[in-house]
1. I need the full set of residues from region 357-380 which are within 29 Å of I41 (Cβ to Cβ), modelled with pLDDT of 90 or more, more than 22 Å from the chain's Cα centre (by Cα) and not hydroxyl-bearing (S, T, Y), in order please.
2. Based on what the data block shows, is A383 of a type in the set (G, A, S) and either within 17 Å of the chain's Cα centre (by Cα) or under 30 Å from I176 (Cβ atoms) (or both)?
3. Check F99 against each of (1) within 16 Å of the chain's Cα centre (by Cα); (2) of a type outside the set (S, T, Y); (3) modelled with pLDDT of 85 or more and name the one condition it does not meet.
4. Which fully enclosed helices (runs of 4 or more DSSP H) of region 91-172 have 3 or more residues being touching a Pro at 6+ places or on another chain (Cβ under 7 Å)?
5. Report yes if some residue within region 261-278 is out of contact with any Ser or Thr (no Cβ under 6 Å at 6 or more places or on another chain) and within 26 Å of R363 (Cα to Cα); otherwise report no.
6. Would you confirm whether any residue within region 135-157 is buried (at least 24 other Cβ atoms within 10 Å of the Cβ) and at pLDDT below 90?
7. Given the structure, is V88 out of contact with any Pro (no Cβ under 7 Å at 6 or more places or on another chain), β-branched (V, I, T) and either surrounded by fewer than 16 Cβ atoms within 10 Å (Cβ to Cβ) or in contact (Cβ under 8 Å) with a residue 40 or more places away in the chain (or both)?
8. Could you pull out the residue among I161, I138 that is of a type in the set (V, I, T), out of contact with any Cys (no Cβ under 7 Å at 6 or more places or on another chain) and closer than 27 Å to M317 by Cβ?
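The values are calculated or read from the model by the stated rules, or taken from the named source; none is laboratory data. The structure displayed is predicted, hence computed values, not measured ones. As a convention, Cβ positions derive from the backbone with ideal geometry for all residues, glycine included, and neighbour counts pool all protein chains shown.
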Amino acid sequence: MQSMLLNQAFGAYVATLVEEKGWSKTSLSAAAALKSTETAILGPVLGWGVDKWGAQGIIRVGCVLFGIGFMLLSLTDTLFQFYAAFVVLSLGASMCSNFPISVAIIQWFEKRRARALSMVQFGMALGGIFVFVVAWCIQTFGWRPTAFSSGVILIVVGWPIARVFRSRPEDHGEHIDGLAPIPHKEGAPPPAPARPAFTPREALRTSAFWLISLGHAFSLLVVSAVNVHAMTHIKEGLGYSLAQASLVITLVTVGQFFGVMVGWAIGDKFIKRKIAAVCMLMHCAGMLMLTYATGPIVLGLAALIHGIGWGLRGPFMQAIRADYFGRTSIGMIIGLSALITVFGQIGGPLIAGVFADWTGNYRAGFTLLAIMAGLGSLFFWVARRPRLE
């Protein structure tokens, strides 16, 4: 729901509001930056809360605030009101985002953690595939009824779905991976000790924490810029309609879907950081093709390449952190990482928006972001597993 109604549909709202209200692309990009900033500020506190109390209650409250935020968005007439609604919307979105959901999944899986996280990402891909429905609703009924209806759906559907999420398996008399520990037989060698988990402070002292966070931030430069500005670029810069632009975004999510399937199959068999490094090059290539597309075929390939890289890399971000640092304080560690990754979430839309307002098109901004994503592949390539001293 978050992918369909907000993350990948936000570009449709941007394109519509630029035309209807005359607001600048930079000012609308600031709303996306506001959402990311709020998520980053909340990250450590939210991570601590999920580690301590579990994800279910936090996700439930998030669904309600998320829905109320959309309802408030439908009533806005000024840029200030738009930002105020986005504060509420962003708070709710953070509390029921991929972050708390991933932490919940990490607590239940270890041997096939990457596969489990990839399977969760099918939801993001599935939601993105139907983003054209949101664009159609905006064109047919208007952006206000579409936003209000989105809020109702989030509350009515999200609240009961949140019951699925539970805290650690040990709290429910179960075991990680569903496997009870093998009893020790007399005379047999003692079982290998479990890999020790890092505390947040210990994780911060490792180079791996910073390299993974920077690589993740550089990937989000492209992902966030595409989500916010791709529709406007395709509509204004390349001359397609909003409906056609939404179909391109749908292709992104089709590619994301296939990327998730590949990650589901190979995530626990190969070195995740090297796969992530290759995906960064795919982000770079897809962004450049989107920027300089000469026809619908190139535009479609750009969407698929970017989407596959996103779908394959996305679940690995939390899987790598859990593999490297353990699950005891993983919520807090991911929350601290958000203070770094937020620069990618904020920087992507802002860089693209500022360059577009300055030059009259997205080419310079998109090209710069593509180059940065390509360089960001180096962060993952050298981020080796740390040792707990």
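1. Hit for region 357-380 is W358, nothing else.
2. yes
3. That leaves (3) as the condition not met.
4. 113-129
5. Yes, because at least one residue in region 261-278 is out of contact with any Ser or Thr (no Cβ under 6 Å at 6 or more places or on another chain) and within 26 Å of R363 (Cα to Cα).
6. Looking for residues that are buried (at least 24 other Cβ atoms within 10 Å of the Cβ) and at pLDDT below 90, one finds at least one in region 135-157, hence yes.
7. The answer is no for V88.
8. Details: I138 fails: closer than 27 Å to M317 by Cβ.
The conditions single out I161.
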